[in-house]
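Below: the structure, in structure tokens.
The values are calculated or read from the model by the stated rules, or taken from the named source; none is laboratory data. From a predicted model like this one, the values you see are computed outputs, not experimental measurements. Here the Cβ positions follow ideal geometry from the backbone for every residue, glycine too, while neighbour counts run over all protein chains shown. Side chains included, ligands, DNA and RNA excluded: accessible areas come from the protein's heavy atoms. Shrake-Rupley method; radii C 1.70, N 1.55, O 1.52, S 1.80 Å.
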Amino acid sequence: MDKKELEKNIQKTVLKMALEPSNIEHYHELAKYYAMDNQYEKVISVYESLLAIDPKDLQALLNIGSLWFYTKDYKKALKYFNEAMIVNPSNYLVYYNIGNTYADMKNFSKALQFYSRALDFTSDDPEIYNAIALLYHDFEDYVESRAYYEKTLSIDPDNMTALVDLGNVSYKVFDYESALKYYKRVYDLAPDNK
């Protein structure tokens, strides 16, 4: 979608919101268009308006929390993720996002606690295992890191992140043969990837 078409869609959605101000789908649509246009302050504003109408909208809570996370305002991110946890305490994405936030804050124990809680609700998401592996990697526990990357690959054998990082971990523990094996696998999967 080019810039002109995006602006046209934004205008049409704003008009729909004016005609139906309590229809939260219009807010989600407008936030999506603003995000596509990299207008993140406006995305936050739209979600704040949506939450004034429906304070329990899980998608809005997760999305605004994620926006604060990416701007590294962890206090605000955790505020929204915690509100999302109250709305839906069995949604694994809530715990995964809180885990990511604590991992970025270098709080190993809290991050691991929330990643583990996410696994209580879904044990087949390779990205959670990748996140735990990276957490251990960051804290130089390469044995645990390796185990979690291998778990990722047992679920998703072509997971590029796990393959690259497992190659890196293998290299750090002087297992050059395994490192080369994982790097070759990455090359086989994406020979044009630089």
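It is to be established whether one or more residues within region 142-158 are over 22 Å from L112 (Cα atoms), hydrophobic (A, V, I, L, M, F, W, C) and in contact with a helix residue (DSSP H, G or I) (Cβ under 8 Å, 6 or more places away or on another chain).
In the first step, residues of region 142-158 are kept if they are over 22 Å from L112 (Cα atoms); the result is 157-158.
With hydrophobic (A, V, I, L, M, F, W, C) added as a condition, the list becomes none.
Taking every residue of region 142-158 in turn, none turns out to be over 22 Å from L112 (Cα atoms), hydrophobic (A, V, I, L, M, F, W, C) and in contact with a helix residue (DSSP H, G or I) (Cβ under 8 Å, 6 or more places away or on another chain).
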Where a residue in region 110-133 is within 18 Å of N159 (Cα to Cα) and its partner, wherever it lies, is outside any helix (DSSP H, G or I) and open to solvent by 20 Å² or more (accessible area, probe 1.4 Å), with Cβ under 6 Å and at least six apart = P126/D156
message = Checking the structure you have, find out if any residue of region 29-43 is of a type in the set (A, V, I, L, M, F, W, C), under 28 Å from D125 (Cβ atoms), open to solvent by 80 Å² or more (accessible area, probe 1.4 Å) and part of a helix (DSSP H, G or I).
response = yes
message = I need a count of the residues in region 155-194 that are open to solvent by 80 Å² or more (accessible area, probe 1.4 Å) and assigned to a helix (DSSP H, G or I).
response = 11
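Looking at the structure I just gave you, is L30 under 22 Å from the mean Cα position of the chain (by Cα) and among the hydrophobic types (A, V, I, L, M, F, W, C)?
Considered against the rule, which asks whether it is under 22 Å from the mean Cα position of the chain (by Cα) and among the hydrophobic types (A, V, I, L, M, F, W, C), L30 comes out as yes.
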ask   = If you scan region 92-149, which residues turn out to be outside any helix (DSSP H, G or I) and open to solvent by 80 Å² or more (accessible area, probe 1.4 Å)?
value = M105, K106, D124, F139, E140
